[in-house]
Amino acid sequence: GLTELASGASCAPVCNSGYSLSGQLTTSCTAGTLTLATCAANACTAETYPKLTNPDNAAAGTCEGLTELASGASCAPVCNSGYSLSGQLTTSCTAGTLTLATCAANAC
């Protein structure tokens, strides 16, 4: 890898899976001062994950109307009559991967 960056030079990192360049897109050197590129965690979008706002066996609840859920954020559906939250209690996003809350049918 690169061990030294000349003054006036720059380079662009490749972000890990689930992260994208954000804000500062390149790492650059100016007279001995290094400015680092930033890789930010991806959000989960309703376009990629339609069940974000249209969950199985539930109304959207606090997920209603969201176009995206930021990484590290969560929201909660409201289960339909006859169903209850089970296991995963909230819908959450981690670096572009959505984990859905689960509404399971109630036992008799």
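The values are calculated or read from the model by the stated rules, or taken from the named source; none is laboratory data. Small disclaimer: the values here were computed from a predicted structure and weren't measured. Cβ placement follows ideal geometry from the backbone for every residue including glycine, while neighbour counts extend to all protein chains displayed. In case anyone asks, the SASA skips ligands and DNA or RNA and just uses the protein heavy atoms, side chains included. Shrake-Rupley method; radii C 1.70, N 1.55, O 1.52, S 1.80 Å.
Before moving on, here are some points about what is shown:
- Only one of Asn54, Asn42 that is open to solvent by 40 Å² or more (accessible area, probe 1.4 Å), of a type outside the set (Ser, Thr, Tyr) and in contact with a strand residue (DSSP E or B) (Cβ under 6 Å, 6 or more places away or on another chain): Asn42
- Scanning region 57-73 for residues that are over 27 Å from Cys15 (Cα atoms), part of a loop (DSSP other than H, G, I, E, B) and open to solvent by less than 80 Å² (accessible area, probe 1.4 Å) yields Asn57, Ala60, Gly65.
- Scope region 13-22; condition open to solvent by less than 70 Å² (accessible area, probe 1.4 Å) and out of contact with any Gly (no Cβ under 8 Å at 6 or more places or on another chain); matching residues: Pro13, Cys15, Ser20, Leu21, Ser22
- Within region 74-93, considering residues that are surrounded by 13 or more Cβ atoms within 10 Å (Cβ to Cβ) and of a type in the set (Gly, Ala, Ser), the one farthest from Ala9 (Cα to Cα): Ser84
- The residue of region 1-20 that is farthest from the chain's Cα centre (by Cα), among those that are within 19 Å of Gly32 (Cα to Cα) and polar (S, T, N, Q), is Ser7.
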